[in-house]
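One structure is given here, and the rest of the page talks about it.
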Amino acid sequence: LRSYLRDESSRLRLLRRFYEKVQALHQDPEASVDNPLLAFGLIKRLHLDWPNVIYSDEATRNTQALHAGLREVEQELPGAEDLEGAARALMRLQDVYALSVKGLASGVFQRAGQPPLYSPGRRASLSADDCFHVGKVAYDTGDYYHSIAWLEEAVSLFRLSYGSWNLEDRSSLEDSLDHLAFSYFMAGNISHALSLSREFLRYDPRNQRVSRNVAKYKKLLETGTGASTRPLQRPNSTRLQSQLPWSPSTSGVPPHALLGPLPPQAAPEQLLHLGCSYETNGSPFLLLQPAKKEMVRIQPHVVLYHDFITDAEAETIKGLAGPWLQRSVVASGEKQQKAEYRISKSAWLKDTADPVVRALERRMAALTGLDLRPPYAEHLQVVNYGLGGHYEPHFDHATSTKSPLYRMKSGNRIATIMIYLSAVEAGGSTAFIYANFSVPVVKNAALFWWNLRRNGNGDGDTLHAGCPVLAGDKWVANKWIHEHGQEFRRPCSADPQD
């Protein structure tokens with residue numbers, strides 16, 4: 001684009017110079033066609049010079065070069081799926097952190113009556129066209145809860161700037177009014193749908209489809225049919241409804257309260273056992289540099305090890321995984337597939353990938369006292385959560401014997417180590433839903449918990465979620481350790497209930 005602007009500016013400068021020369025000749029009162037030289041110049045201009053200027057190939061060449069440049073990078077540019085995913089990410093942040101659409105559009109990340117969750121150094125706002133496209137993504141999937149909120153903001157912004165056209169805009173006030181009116185109709189608000197459709201016809205009175213809609217809305221209002229008195233509800237994920245122990249309609253707890261950062265709440269007797277210490281776990285490997293252990297919870301057993309890796313090691317692991325990142329998949333029955341409730345990219349690293357990975361494996365084995373050799377543990381999974389990246393409530397251990405996890409023939413996942421490879425500016429906490437606490441992203445720290453109880457059953461208190469990243473780029477490395485091979489390292493208890 002910079003090359004195109006430079007070349008076009010050069011062409012327009014030459015064109016202006018020609019225009020000014022011709023204008024000066026025609027306005028000169030002394031210039032008479034009686035002068036044979038001036039007469040020749042005039043005839044040549046009219047026959048050759050003007051057509052050469054008008055039909056110049058230079059403008060075409062400049063445009064072709066611009067198009068060629070786009071074609072070179074087109075495969076690397078975001079596609080329709082990326083745009084839709086980014087729009088859904090904004091809606092997810094809106095829901096989970098209870099942010100207002102009007103605030104988001106003006107660059108403010110704030111709950112009503114509370115300090116901002118995130119204050120960027122440079123505030124960025126959304127245009128009317130931006131808001132329209134977020135609303136359009138919701139509209140296309142029948143999500144009128146979100147489409148109404150975003151299209152309302154688009155209409156409001158378009159009204160303020162009506163008549164001024166932006167080169168990059170693909171939508172207009174009329175488009176926003178049209179989609180918003182139908183959204184309100186589908187939500188049962190016929191009178192508002194009629195009002196918006198009438199406003200549309202002021203700008204486009206010949207539109208037959210909207211005229212028919214106006215007649216339909218008027219008839220529905222006259223007969224009193226089609227109107228709904230139910231408040232518009234935010235659509236809930238079916239996975240959320242099946243996994244979480246609450247119902248938003250009965251508990252009075254908003255969904256964002258359980259998916260966002262949660263206040264730690266532990267029993268008084270548990271608090272006595274929480275604290276920080278240096279941990280060697282009886283391993284010579286940790287004698288000279290013990291692990292910095294913070295006991296986060298007793299039940300479930302969750303520990304945070306600070307400064308578990310160095311900045312250089314974290315950057316090496318991210319660099320190794322970067323070229324191999326693919327959209328993350330989840331277990332679904334006996335298969336693995338992509339899912340909307342997990343938005344991230346991941347890659348797998350063997351311990352042979354780099355000495356840094358091998359050293360990290362030894363450190364994890366020393367810290368946990370568990371056998372991490374294949375097949376007793378999975379390879380290191382590196383995950384990147386970008387714009388609105390999240391993972392809805394889930395268990396790390398398999399809840400069905402048909403799970404792909406059992407293909408390793410090393411039993412269920414007994415424990416999880418999750419290493420935070422980066423810091424984030426806001427959001428991204430790991431929330432333990434049933435236990436009602438969350439652990440924020442602490443760069444270079446490692447989070448450890450047991451997925452299985454000593455009797456081999458899954459620990460229901462380990463249901464956890466990766467809260468959406470509000471600002472920043474979240475990188476984690478996961479190590480999942482299986483139960484086979486750990487029989488003498490974490491033996492069963494004499495109490496079958498333990």
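The values are calculated or read from the model by the stated rules, or taken from the named source; none is laboratory data. All values reported here derive from a predicted model rather than from experimental measurement. All Cβ positions, glycine included, derive from the backbone under ideal geometry; neighbour counts span all protein chains shown. Each accessible area value is taken on the protein alone, full model and side chains, heavy atoms only, with ligands, DNA and RNA left out. Shrake-Rupley method; radii C 1.70, N 1.55, O 1.52, S 1.80 Å.
The residue list Ser171, Ile190, Leu157 was ranked by how far each Cα lies along the charge dipole of the range 146-194 toward its positive end, using unit charges on Cβ atoms, and Ile190 comes out on top. Computed over the range 271-482, the P(r) curve from all C-alpha pair distances, binned at 10 Å from the origin, holds 8, 35, 41, 15, 1 percent per bin. Across all directions, the average flat footprint of the convex hull enclosing the Cα atoms of the range 1-79 is 6.6 nm². Using C-alpha pairs below 8 Å separated by at least 6 residues, the relative contact order for the range 271-482 is 25 percent. When the surface is traced with a 1.4 Å probe over the full set of protein chains, Thr63 keeps roughly 50 Å² accessible. Of the accessible area of the range 1-76, computed with a 1.4 Å probe over protein heavy atoms only, carbon and sulfur atoms account for 56 percent.
When the residues Trp165, Trp50 are ordered by accessible surface, computed with a 1.4 Å probe over the protein chains alone, the sequence from largest down reads Trp165, Trp50.
Please report how far the C-alpha centroid of the range 106-139 lies from that of the range 301-318, rounded to the nearest whole angstrom. If we compute the Cα centre of each part, the gap is 32 Å. Here's the list of aspartates and glutamates a cross-link from Lys474 could span, going by alpha-carbon distance under 12 Å and ignoring same-chain residues fewer than 8 apart: Glu425. Measuring nothing but how far apart in sequence close Cα pairs (under 8 Å, 6+ apart) lie, relative to its length, the chain scores a relative contact order of 12 percent.
Put a plus charge on the Cβ of each Lys and Arg, a minus charge on the Cβ of each Asp and Glu, and nothing anywhere else: the dipole of the chain about its Cα centre is then about 620 debye.
For the pair Arg209 and Arg11, the difference between a 0.36 nm per residue extended length and the Cα-Cα distance amounts to 66.7 nm.
In the set (1) 40; (2) 24; (3) 21, the label that goes with percent of Cα pairs over 42 Å apart computed for this structure is (1). In terms of distances greater than 29 angstrom between alpha carbons, the cross-link table entries Lys293/Lys318; Lys345/Lys443; Lys102/Lys318; Lys292/Lys479 yield Lys102/Lys318. With a 1.4 Å probe rolled over the protein heavy atoms of all chains, the accessible area of Tyr139, Tyr203, Tyr19 falls in the order Tyr19, Tyr203, Tyr139, largest first. Rounded, prolate or oblate: which fits the range 105-194, taking a ≥ b ≥ c as square roots of the Cα gyration tensor eigenvalues, rounded meaning a/c under 1.5, else prolate when a/b beats b/c? Oblate shape, in that a/c is at least 1.5 and b/c is the bigger or equal ratio.
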